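Take a look at the structure below.
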């Protein structure tokens with residue numbers, strides 16, 4: 001198996017190398033910990049038959065790359081424990097930075113529902129966040145009312161059929177972490193409600209739950225989706241589920257990469273892509 005692409009100015013801790021060798025990085029306790037992490041991950045990858053993967057320590061982090069859109073569970077747990085997030089890029093899983101720590105899931109209530117509607121109106125199209133409603137395009141009064149009714153009937157009723165969570169960015173100073181704090185719409189990504197996530201039982205598959213997520217345009221592609229799905233997996237596991245299922249469209253490549261990076265098994269059909277994540281091996 002050939003090593004994947006590496007930046008020419010940095011040296012891999014494993015795999016071939018054809019570029020110039022840089023001066024050694026100053027050794028610190030943090031650097032030593034990263035090298036130990038890299039060695040542990042390299043062993044996990046080798047045990048999973050991915051001995052040709054490239055592993056390196058650089059820029060205060062670990063960069064690990066291996067071909068294929070599957071992350072071995074042991075390596076995933078090591079990386080997650082250290083706060084790193086694998087991301088699929090062009091069919092290769094890479095670890096180039098730490099996972100976001102400013103994303104929170106808050107169980108939906110009436111106060112958060114008002115903020116969620118404001119975030120949707122400011123930063124998303126109605127068709128992205130709710131069932132279709134007849135009428136002219138845009139956030140008409142009828143669609144705003146239908147949005148509220150939808151969530152009240154699904155998760156805020158006396159007999160809810162799913163659990164819905166407001167996705168909140170805490171911001172650099174913790175803004176948006178408490179109910180009622182932060183921006184109403186989160187459109188600037190600096191704190192506040194920026195989307196919603198849900199978990200619903202799959203009636204035909206006992207022990208399985210279906211996950212759904214939508215994000216405002218301004219925070220897409222910034223690592224929020226991966227953080228949300230990891231938290232959903234933890235919530236589902238704590239609730240006794242053994243499998244989490246998610247669906248997306250064939251053209252939603254970003255979602256497919258996130259699901260693959262979570263070690264989910266992805267199946268592609270003509271009009272849909274289905275991912276199944278065994279929660280016994282999911283990252284925490």
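The values are calculated or read from the model by the stated rules, or taken from the named source; none is laboratory data. What you are looking at is a predicted structure, and each value in this text was computed from that prediction instead of being measured. All Cβ positions, even for glycine, are placed from backbone atoms using ideal geometry, and neighbour counts span all protein chains on display.
A few notes on this one:
- Residue count for the stretch 49-71 satisfying the condition of being under 25 Å from residue 275 (Cα atoms), in contact with a helix residue (DSSP H, G or I) (Cβ under 7 Å, 6 or more places away or on another chain) and modelled with pLDDT of 70 or more: 1.
- Positions within the stretch 267-284 being more than 14 Å from residue 243 (Cβ to Cβ) and at pLDDT 75 or above, in sequence order: 268, 269, 270, 271, 272, 273
- Any hit, the stretch 183-197, residues being out of contact with any helix residue (DSSP H, G or I) (no Cβ under 8 Å at 6 or more places or on another chain), at pLDDT 90 or above and surrounded by 20 or more Cβ atoms within 10 Å (Cβ to Cβ): no
- Restricting attention to the stretch 135-170, the residues that are over 28 Å from residue 244 (Cβ atoms) and surrounded by 15 or more Cβ atoms within 10 Å (Cβ to Cβ) add up to 3.
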